[in-house]
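Colleague: First the structure, which I've put down as structure tokens, then a few questions once you've had a look.
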Amino acid sequence: MEAGSHSRCCTQDQPGDDRRRQLLAWLMALALPLPAMAANGKPAAPDGLRQPAATDEDPATTLRIGFAGPLSGPSAGVGKSMHDAVLLAVEEANQRGVRIGGKPWRIRLIAQDDRADSATAEYVARYLVGQKVIGVIGHWNSGASLAAAPIYHAAGVIQISPATMSRRFTAQAYPAVFRTIPNNESVGLYSAHYAVRRMGIKSVVTIDDRTPFGQGLAEQFARAAHERGAEVLGTYSVSEKTSDFNGPLLQIRHRRPQLIFFGGLDWQAGLLAKAIARLNIEARLMVSAGSVGLPFLMSAGAAGNGAVVLEPGAAPERMPGWKAFRQRYGQRFDSDLHLYASFAYDAVQALLMAIRQRASSDPTVVAQELHRLRFTGVSGPIAFNDEGDLENPSFTVYEVQQQRWMPLLQIDGLPR
């Protein structure tokens, strides 16, 4: 599905007032103010998914950038928000102008729905390679990114993920792979440190969804918690699609841990919170990064109160460019603004800055420049190490209080 640099898509089927109420609900859940809307009260809201084909595109002076993420299914909300942030960055770049070799170039966005599914991600990657994109912003989940990465690598296409945390993603040593968030080794270490040192947790169990992201994060958490003196009473795995946690929870109830760590996606974590409450298990719940937002709160209800999570980046209101970004996003789109939209926006900025600084459309040259970049994005400092990981990431601990995500603590830098 394609998104041209000029054209606007059809308006949403849902009335604007309903969409604005959804956006207000999300921002209230995160304790953030509402972004400014367009002056006419009806924000321009292209869905970015059904753009008409560009008819005036000059292949000699058009750079194609891909977006790949979940635009349908349980993770569609965050996928749509990341897509819109990417589209905003592309439109702003076209307004400012991009010059390569003394000629003006246009940026064209081509977006694809990978459904957060690894098999679909492979097809999406092949399609985007066939469209001759210079780089792809994506994917959302680790399974999709890991499935797509070898295809991009073989074709020499740059891949910058705004959300993939699996350590395996950058450990492949592909020279054109990057991410604008920290990896799950750092998240697992800091999560365990906070649980043991700050919360005083002495016994834990883990449940994971068997995915590269969820299982890898749970394993790292368990190792780090054990190293810090906590007893790991058990480790369990469930299907990434299940809503039935009775099997592991009935065993966990007899083991009486002080904390349950869940490695998996937000909507499933919410169902787990409900199951823990229903079975009267007296244990705190720590969930995986990516859970801050409405899906967990809506899935968990009141049972989510007290859940904690370590998310990448500073809290939105502490991000250096968040206020202006939120305003521009709210004026341009009638879609929910998710925390991870800032990381997607910064991914595009990094790619375009490397293109501008080297005045090149050669992916190999641009990837080399990406490794040398140093700039402050919406989410904070952006600089990549040799593997494509952030050199100096930030993290924030959140807790659900009265069914709203509240930031508690910011942590800066990599674990030592």
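Colleague: Assess whether residue 167 counts as being open to solvent by less than 20 Å² (accessible area, probe 1.4 Å), basic (Lys, Arg), touching a helix residue (DSSP H, G or I) at 6+ places or on another chain (Cβ under 7 Å) and within 28 Å of residue 148 (Cα to Cα).
Modeller: It is false that residue 167 is open to solvent by less than 20 Å² (accessible area, probe 1.4 Å), basic (Lys, Arg), touching a helix residue (DSSP H, G or I) at 6+ places or on another chain (Cβ under 7 Å) and within 28 Å of residue 148 (Cα to Cα).
Colleague: Identify the residue in the stretch 373-401 that is in a loop (DSSP other than H, G, I, E, B) and out of contact with any helix residue (DSSP H, G or I) (no Cβ under 8 Å at 6 or more places or on another chain) and, among all such residues, is surrounded by the most Cβ atoms within 10 Å (Cβ to Cβ).
Modeller: The initial filter retains those residues of the stretch 373-401 that are in a loop (DSSP other than H, G, I, E, B), namely 373-374, 377-380, 383, 385-389, 391-393.
Applying the additional criterion that residues be out of contact with any helix residue (DSSP H, G or I) (no Cβ under 8 Å at 6 or more places or on another chain) yields 374, 380, 383, 385-386, 391-392.
Numbers: 374: 10, 380: 23, 383: 16, 385: 13, 386: 10, 391: 13, 392: 13.
Applying the filter and picking the extreme gives 380.
Colleague: Follow-up question, since we're still on this one. Restricting attention to the stretch 110-142, report how many residues are surrounded by 24 or more Cβ atoms within 10 Å (Cβ to Cβ), part of a helix (DSSP H, G or I) and modelled with pLDDT of 95 or more.
Modeller: 4
Colleague: State whether one or more residues within the stretch 293-303 are touching a helix residue (DSSP H, G or I) at 6+ places or on another chain (Cβ under 8 Å), touching a residue at least 12 places away in the same chain (Cβ under 8 Å) and not in a helix (DSSP H, G or I).
Modeller: yes
Colleague: If residue 148 meets every condition in (1) modelled with pLDDT of 95 or more; (2) touching an Asp or Glu at 6+ places or on another chain (Cβ under 9 Å); (3) more than 20 Å from residue 79 (Cα to Cα) apart from one, which number is that one?
Modeller: Residue 148 satisfies every listed condition except (3).
Colleague: Please state which one of 351, 310 is in contact (Cβ under 8 Å) with a residue 24 or more places away in the chain, surrounded by 15 or more Cβ atoms within 10 Å (Cβ to Cβ), in a helix (DSSP H, G or I) and not basic (Lys, Arg).
Modeller: Selected residue: 351, the only one of 351, 310 that is in contact (Cβ under 8 Å) with a residue 24 or more places away in the chain, surrounded by 15 or more Cβ atoms within 10 Å (Cβ to Cβ), in a helix (DSSP H, G or I) and not basic (Lys, Arg).
Colleague: Which of the residues spanning the stretch 369-395 are in contact (Cβ under 8 Å) with a residue 24 or more places away in the chain and touching a Lys or Arg at 6+ places or on another chain (Cβ under 8 Å)?
Modeller: Answer for the stretch 369-395, where residues must be in contact (Cβ under 8 Å) with a residue 24 or more places away in the chain and touching a Lys or Arg at 6+ places or on another chain (Cβ under 8 Å): 382, 388, 389, 390.
Colleague: Related question: Identify, please: which residue in the stretch 82-109 is basic (Lys, Arg) and either farther than 25 Å from residue 181 by Cα or in a helix (DSSP H, G or I) (or both) and is, among those, least open to solvent (accessible area, probe 1.4 Å)?
Modeller: In the first step, residues of the stretch 82-109 are kept if they are basic (Lys, Arg); the result is 96, 99, 103, 106, 108.
Still in the list and also either farther than 25 Å from residue 181 by Cα or in a helix (DSSP H, G or I) (or both): 96, 99, 103, 106.
On the way: 96: 136, 99: 140, 103: 118, 106: 79 Å².
Applying the filter and picking the extreme gives 106.
Colleague: Could you grab me the full set of residues in the stretch 372-397 that are in contact with an Asp or Glu (Cβ under 6 Å, 6 or more places away or on another chain) and either of a type in the set (D, E, K, R) or under 15 Å from residue 318 (Cβ atoms) (or both)?
Modeller: Within the stretch 372-397, 377, 378, 379, 394, 396 qualify.
Colleague: Would you mind telling me which numbered condition in (1) within 19 Å of the chain's Cα centre (by Cα); (2) part of a helix (DSSP H, G or I) residue 159 fails?
Modeller: (2)
Colleague: A further question on this structure: Kindly list the number of the only condition in (1) more than 14 Å from residue 139 (Cβ to Cβ); (2) assigned to a helix (DSSP H, G or I); (3) of a type in the set (Phe, Trp, Tyr) that fails for residue 169.
Modeller: (1)
Colleague: Hey, among the residues in the stretch 394-416 that are of a type in the set (D, E, K, R) and modelled with pLDDT of 95 or more, which one's nearest to residue 296 (Cα to Cα)?
Modeller: 404
Colleague: Same structure, new question: Would you check which residues across the stretch 320-339 are of a type in the set (A, V, I, L, M, F, W, C) and open to solvent by less than 10 Å² (accessible area, probe 1.4 Å) and list them?
Modeller: Step one: filter the stretch 320-339 for residues of a type in the set (A, V, I, L, M, F, W, C), giving 322, 324-325, 333, 337, 339.
Hits for the stretch 320-339 are 322, 325, 333, 337, 339.
Colleague: Going by what's in this entry, would residue 352 be described as on the phi < 0 side of the Ramachandran plot and touching an Asp or Glu at 6+ places or on another chain (Cβ under 8 Å)?
Modeller: Spelling it out, it is not the case that residue 352 is on the phi < 0 side of the Ramachandran plot and touching an Asp or Glu at 6+ places or on another chain (Cβ under 8 Å).
Colleague: Related question: Sort out which residues of the stretch 193-213 are closer than 14 Å to residue 262 by Cβ and either without any contact (Cβ under 8 Å) to a residue 40 or more places away in the chain or of a type in the set (A, V, I, L, M) (or both), and write them in order of number.
Modeller: Result: 195, 204, 205, 207, 210.
Colleague: Same structure, new question: Could you check, for the stretch 248-258, whether at least one of its residues is out of contact with any strand residue (DSSP E or B) (no Cβ under 7 Å at 6 or more places or on another chain) and among the aliphatic types (A, V, I, L, M)?
Modeller: yes
Colleague: Please work out which one of (1) assigned to a loop (DSSP other than H, G, I, E, B); (2) open to solvent by 40 Å² or more (accessible area, probe 1.4 Å); (3) more than 30 Å from residue 389 (Cβ to Cβ); (4) not acidic (Asp, Glu) is the condition residue 281 fails and give its number.
Modeller: Failing condition for residue 281: (2).
Colleague: Somewhere in the stretch 407-416, is a residue over 17 Å from residue 93 (Cβ atoms) and surrounded by 21 or more Cβ atoms within 10 Å (Cβ to Cβ)?
Modeller: Looking for residues that are over 17 Å from residue 93 (Cβ atoms) and surrounded by 21 or more Cβ atoms within 10 Å (Cβ to Cβ), one finds none in the stretch 407-416, hence no.
Colleague: Right, another one. Here's a check for you: in the stretch 216-257, which residue that is in a strand (DSSP E or B) and small (Gly, Ala, Ser) is nearest to residue 143 (Cα to Cα)? Please lay out each step first, then the result.
Modeller: Taking the stretch 216-257 first, the residues in a strand (DSSP E or B) are 231-237.
Filter once more, so that each one left must be small (Gly, Ala, Ser): 234, 237.
Values: 234: 25, 237: 16 Å.
Only one residue fits best here, namely 237.
The values are calculated or read from the model by the stated rules, or taken from the named source; none is laboratory data. In this text the structure is predicted, and so the values were computed from the model without any measurement. No Cβ is skipped: glycine too gets one built from the backbone with ideal geometry, and neighbour counts run over all protein chains shown. Each accessible area value is taken on the protein alone, full model and side chains, heavy atoms only, with ligands, DNA and RNA left out. Shrake-Rupley method; radii C 1.70, N 1.55, O 1.52, S 1.80 Å.
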